[in-house]
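Trainee: Provided herewith is a single structure, encoded as structure tokens, for subsequent inquiry.
The values are calculated or read from the model by the stated rules, or taken from the named source; none is laboratory data. The structure displayed is predicted, hence computed values, not measured ones. When we count neighbours, we look across all protein chains shown, and the Cβ atoms used for this are built from the backbone with ideal geometry, even at glycine.
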């Protein structure tokens, strides 16, 4: 027996215990390490399993619906506002369209819409908050007064204004929602940066020659971003509702395209005669919002070494007890 | 004649007493006050030199500006005026880019070991960071980090832990290791043991002494505990309200203080002697340390000095070389023979 199968590809010099211990961690690519980290996160946290699982399910169902389900735009005016049946699992709406296929067709629209809103909010809010908090002084004043101005506006009015400027349509509406969300993210990021930059490890980084960019990248952002992640997951949920609201008043998705919000909007008009119409889109908005929140909470814990350790330990303890 | 770089394996390396590793010249650091137009005179005209291989202790009450000197040496604060030369190079006048290379040669350990470590980095990543920033992260250098970790008394099981899993003393050991990663020649220890409890303090102090020899370091040791600073320092400087009061070899300064403030500081030290056997004269200072925004006129110590005369409130005392390698800022001390006042002299220890 010359060498074990595990080390057969390694050069002979790596025989000492020190080198063998070192070798695997050095050879691991960053991508592979990241994949392993995501894997262990998903395995260890039920909230993450629920959130990610549900979103994947919705997306799969949406794509499957494109292939197999009934056309969400086909009207059947002889069967309007029907209850659930074998043909229409969730019934039909006021134009006789299949609610189930509209729900699945609308999921892509709604999720895309909230991604746009959250993306815009992150892209505007986080860099500006970082800049304001880190630079301070006049930069801080200018950025934060602009944020205050935006916050002083009623959100919906601002969104309506932006849509009026850019023209109606879901993308424009969600960009508007993103702009409305941006100041709160900017404030949060600024507050975090203000507290993080006072730590001695930032000064220590200066003393061994780090540039400002390196300090921001290595220390400020990783330590400041935690509550921003949680806030982002809340914003996903909020933007689902904002999409629903804007589509409801006709500024978002344009008929006849389905979205969860526009379905709620239509169903609302028949609340007296067909109350069941509201339940399916309402429920899916709620569960999706919950899924986003669960992911956010879990991600916050996972990214914090203190919380991660505590959770893993408590889980181990719990599993020992029969 | 160039000084040979001491290797880690040698016995006590020969100390070239003539060379200076750090020269602080007329350093002033004034902060803009939150309110009011008077600046905070944190450091107000300090000159001192640190010789190669020596440990220089800087002692003073809180607010005396001793930490600000350390921060100015590290260029964490910009001096209002004055110069800091490290190894003959003017670090107070260099650009950030020029300074980056030189920063490998002088490093600092801060007082708060917890705040000085990034909570999201494992110990090994914190230790590797200086090498990465300086572009020195070769496999050999990274291996040396492991050696350094064991040298400060932490075994390899600490490599992948996070700071919150370590005790204060262990964290401070990591900070020390990090300061040594770049192989500096000057180490600034800014109250580096003040946050640790007494038994750990002693361990860490002894480790400093060993590391100093091993790495051929010069040390600027900043502290407020007279016993601790005296234990480790070759020479000490006594600060009060942003100014140096007295400077000289540790034993001489403590056995025969020339400045009234040093004497008061010395006499306030607790001693392990029954009260009946105490022979040393106790100098009790009254009042509080004045505000550095409005320092007293003349000698900054005069409002609290038991020997103050008319001249003390009007004229700033000269920073005077009184011989025997000693410097004092007092009108009445012109030689190492001491202060003319009768109660003056060496506070005898039982």
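Trainee: Please work out which one of (1) touching a helix residue (DSSP H, G or I) at 6+ places or on another chain (Cβ under 7 Å); (2) under 25 Å from residue B:104 (Cβ atoms) is the condition residue B:175 fails and give its number.
Mentor: Residue B:175 satisfies every listed condition except (1).
Trainee: Looking at A:283, A:238, A:290, which one is within 17 Å of residue A:156 (Cβ to Cβ) and more than 14 Å from chain B (Cβ to nearest Cβ)? Before you say what the answer is, go through the steps one by one.
Mentor: Values: A:283 fails: within 17 Å of residue A:156 (Cβ to Cβ); A:290 fails: within 17 Å of residue A:156 (Cβ to Cβ).
Just a single option satisfies the conditions, and that option is A:238.
Trainee: Tell me the residue from B:223, B:242, B:287 that is surrounded by fewer than 16 Cβ atoms within 10 Å (Cβ to Cβ) and closer than 30 Å to residue B:38 by Cβ, please. Quick ask: steps written out before the conclusion?
Mentor: Working: B:223 fails: surrounded by fewer than 16 Cβ atoms within 10 Å (Cβ to Cβ); B:242 fails: surrounded by fewer than 16 Cβ atoms within 10 Å (Cβ to Cβ).
B:287 is the lone residue from the list that is surrounded by fewer than 16 Cβ atoms within 10 Å (Cβ to Cβ) and closer than 30 Å to residue B:38 by Cβ.
Trainee: While we're looking at this one, here's another question. Please give the number of the condition residue A:207 fails out of (1) closer than 15 Å to residue A:106 by Cα; (2) in contact with a strand residue (DSSP E or B) (Cβ under 7 Å, 6 or more places away or on another chain).
Mentor: (1) is the only condition that residue A:207 fails.
Trainee: Here is a follow-up. Among the residues of the range B:24-57, what is the count of those that are out of contact with any helix residue (DSSP H, G or I) (no Cβ under 8 Å at 6 or more places or on another chain) and assigned to a strand (DSSP E or B)?
Mentor: Counting residues in the range B:24-57 that are out of contact with any helix residue (DSSP H, G or I) (no Cβ under 8 Å at 6 or more places or on another chain) and assigned to a strand (DSSP E or B) gives 15.
Per-residue answers, yes or no, for (1) more than 14 Å from chain B (Cβ to nearest Cβ); (2) without any contact (Cβ under 8 Å) to a residue 40 or more places away in the chain:
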| position | (1), (2) |
| --- | --- |
| A:141 | yes, yes |
| A:163 | yes, no |
| A:175 | yes, no |
| A:194 | yes, no |
| A:199 | no, yes |
| A:225 | no, no |
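Trainee: If we scan the range A:252-263, do we find a residue that is more than 14 Å from chain B (Cβ to nearest Cβ) and more than 25 Å from the chain's Cα centre (by Cα)? If you could, list the steps in order and put the result at the bottom.
Mentor: Quick first cut of the range A:252-263, residues more than 14 Å from chain B (Cβ to nearest Cβ) only: A:252-263.
Retained after the next criterion (residues that are more than 25 Å from the chain's Cα centre (by Cα)): A:255-256.
Within the range A:252-263, one or more residues are more than 14 Å from chain B (Cβ to nearest Cβ) and more than 25 Å from the chain's Cα centre (by Cα).
Trainee: Could you list, in sequence order, the residues of the range A:249-273 that are surrounded by 18 or more Cβ atoms within 10 Å (Cβ to Cβ) and closer than 20 Å to residue A:286 by Cα? Explain how you work it out, then say what you get.
Mentor: Going through the range A:249-273, the residues surrounded by 18 or more Cβ atoms within 10 Å (Cβ to Cβ) turn out to be A:251-253, A:258-267.
Across the range A:249-273, the qualifying residues are A:252, A:253, A:258, A:259, A:260, A:261, A:262, A:263, A:264, A:265, A:266, A:267.
Trainee: If a residue must be in a strand (DSSP E or B) and either crowded, with 19+ Cβ neighbours inside 10 Å or without any contact (Cβ under 8 Å) to a residue 12 or more places away in the chain (or both), how many such residues does the range B:79-93 contain?
Mentor: Result for the range B:79-93: 3.
Trainee: Within the range A:164-175, identify whether any single residue is touching a strand residue (DSSP E or B) at 6+ places or on another chain (Cβ under 6 Å) and within 27 Å of residue A:56 (Cα to Cα), and answer yes or no.
Mentor: Step one: of the range A:164-175, the residues touching a strand residue (DSSP E or B) at 6+ places or on another chain (Cβ under 6 Å) are none.
Looking for residues that are touching a strand residue (DSSP E or B) at 6+ places or on another chain (Cβ under 6 Å) and within 27 Å of residue A:56 (Cα to Cα), one finds none in the range A:164-175, hence no.
Trainee: Determine whether the range B:202-215 contains at least one residue that is at the interface with another protein chain (Cβ under 10 Å from one of its Cβ atoms) and touching a residue at least 24 places away in the same chain (Cβ under 8 Å).
Mentor: From the range B:202-215, those at the interface with another protein chain (Cβ under 10 Å from one of its Cβ atoms) are none; that's our starting set.
No; the residues of the range B:202-215 include none that is at the interface with another protein chain (Cβ under 10 Å from one of its Cβ atoms) and touching a residue at least 24 places away in the same chain (Cβ under 8 Å).
Trainee: Evaluate the following for residue B:124: is it at pLDDT 90 or above and within 26 Å of residue B:194 (Cβ to Cβ)?
Mentor: On the way: at pLDDT 90 or above: yes; within 26 Å of residue B:194 (Cβ to Cβ): no.
So residue B:124 fails the test.
Trainee: Quick check, is residue B:295 part of a loop (DSSP other than H, G, I, E, B) and in contact with a helix residue (DSSP H, G or I) (Cβ under 9 Å, 6 or more places away or on another chain)? Walk me through how you get there before you give the answer.
Mentor: Numbers: part of a loop (DSSP other than H, G, I, E, B): yes; in contact with a helix residue (DSSP H, G or I) (Cβ under 9 Å, 6 or more places away or on another chain): no.
So residue B:295 fails the test.
Trainee: Under the condition of being touching a residue at least 60 places away in the same chain (Cβ under 8 Å) and crowded, with 24+ Cβ neighbours inside 10 Å, which residue from the range B:186-201 is nearest to residue B:66 (Cα to Cα)?
Mentor: Checking each candidate, the answer is B:190.
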